[in-house]
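Written out below as structure tokens is the structure these notes cover.
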Amino acid sequence: MRVLHPRDAIMASSDTHLVPVQEKTMKDFNERVAAITGAASGIGRALAVRLAEDGCDLALSDVDEAGLEETVALCAEHPVKVTQTRVDVADRAAVHAWADEVVAAHGKVDLVINNAGVALAYTVESMSYEDFEWLMGINFWGVVYGTKAFLPHLKANGEGHIVNVSSVFGLVGVPTQSAYNAAKFAVRGFTDALRLELETEGSPVSCTTVHPGGVKTNIARSARLDPGAAQAIPGDDPAAAFNLIARTTPERAAATILDAVKHDRRRVVVGLDGMLFDLISRLPAVTYHGPVTLAARLQRELSKLFG
């Protein structure tokens, strides 16, 4: 871990005779400490910069060390303490070690954002077990490890908040996204259950599930794609094609997420397309499966033509 540079009591209330309910006090981020995974680019970088502007000290991690350096340089424009560590979130021991290092370096942790993620586009039949395990290791187990590693530290701090990033594909199933859907649906269920557990015990720690729609990030650049699916995407650069339809900026996504933390929301969708997916997820499956199937068939035919 490298350190860049240095720079409330909780009121208990209760409407019940069973468990005291602790007031959530994460109303601002000044002099807080936030740990963010996937901080080298995209939403993770935007969150780091926004929090630095708000006076929050940062513990940043990613496997992309060059990108992480760039994020740290942006945060260095503000008088906050920043530490950076290369962490593979699919490595349980590494995540737990990082959590301990964060608290040792910063003295505490207030906010944990499990943001790291990768993409995979294959049908169930064509997808290898190795690719499936790769995605689940990062997108699901990375969230589990980050949550379990930091939760005891948040409780010891007396307050805190966990943000687990799912996706609109954690709301609706999509062809060629079975692995991604599986991971993001799992993040949603895992975080919902955690929220209920924390409320049941009257904990001052809370959590939020985030469902971003299309956000202009580098996730498509590191995606593993079925050759047939890739051929159906216009142009020679699938990542560029993704960013043409991704309408939300990382900065806007970061602002939405941090506002959700301040208001202690259970779930938040990001972007107009995120709202559309949320609406679709509330409809009977038969109403949208037909159009989705038709679109997938069209994509398959385009793949044959371009193949």
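Read the figures in this text as sums done on the coordinates, not as results from a lab. What you see is a predicted model; the values in this text were computed from it and never measured. FYI the Cβ positions are ideal-geometry reconstructions off the backbone, even for glycines, and counts take in every protein chain you see.
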Self-check item: Entries in K108/K155; K155/K262; K81/K108; K27/K108; K108/K184 that, when Cα-Cα distance is taken, lie over 20 Å
Solution: K108/K184
Practice problem: Give a residue-ordered list of calculated ³J(HN,Hα) values for region 274-291 (Karplus: 6.51 cos²θ - 1.76 cosθ + 1.60, θ = phi - 60°; whole Hz; x for Gly, Pro). | Solution: x, 5, 5, 4, 4, 5, 4, 5, 8, 8, x, 3, 4, 6, 10, 5, x, x
Quiz item: Counting Lys +1, Arg +1, Asp -1, Glu -1, what net charge surrounds E70 among other residues with beta carbon under 13 Å of its beta carbon?
Solution: -4
Quiz item: Amide H neighbours of T176 under 5 Å, counting only residues 5+ apart in sequence or on other chains, H built in-plane at 1.01 Å?
Solution: V124
